[in-house]
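All remarks here apply to the structure that follows.
The values are calculated or read from the model by the stated rules, or taken from the named source; none is laboratory data. Here the structure is a predicted model, which means the values were calculated and not measured. We place every Cβ from the backbone using ideal geometry, glycine too, and count neighbours over all the protein chains shown. Side chains included, ligands, DNA and RNA excluded: accessible areas come from the protein's heavy atoms. Shrake-Rupley method; radii C 1.70, N 1.55, O 1.52, S 1.80 Å.
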Amino acid sequence: MLRIQGIGPGLVTVDRPELVSQQYEAGVVDIRFVRPGTVDVTIPQQDREHTITVVVRQPTDS
């Protein structure tokens, strides 16, 4: 899970919405990665955009 605090609603975006569950409440965005894959999360801040690339891998059997 990725938690971003102190941001307005609708500002954080993902390029692969089918791979995440995203919720907003009271200035906090929670992004839960629900399927394997690569997701770019874009966060606007002070006239710039910051992108975090998250790679979620399929669990392996032990």
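Listed values, structure above:
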{"item": "Residues listed by number, region 44-62, amide nitrogen under 16 Å from Asp15 label point at 7 Å toward C-beta", "result": "44, 49-56"}
{"item": "Relative contact order of the chain, defined on C-alpha pairs under 8 angstrom at six or more residues apart (%)", "result": "30"}
{"item": "Carbon + sulfur, % of accessible area of the chain - ligands and nucleic acids excluded, 1.4 Å", "result": "44"}
{"item": "Prolate/oblate/rounded call for region 2-54, Cα gyration tensor, a/c under 1.5 rounded", "result": "oblate"}
{"item": "Accessible area in the full protein assembly, largest first, 1.4 Å probe, for Val55, Val28", "result": "Val55, Val28"}
{"item": "For the chain, size of Cβ-based charge dipole, Lys and Arg +1, Asp and Glu -1, in debye", "result": "140"}
{"item": "Residue-level accessible surface for Asp61, protein heavy atoms, 1.4 Å, Å²", "result": "150"}
{"item": "Average accessible surface area per residue within the chain, 1.4 Å rolling probe, Å²", "result": "76"}
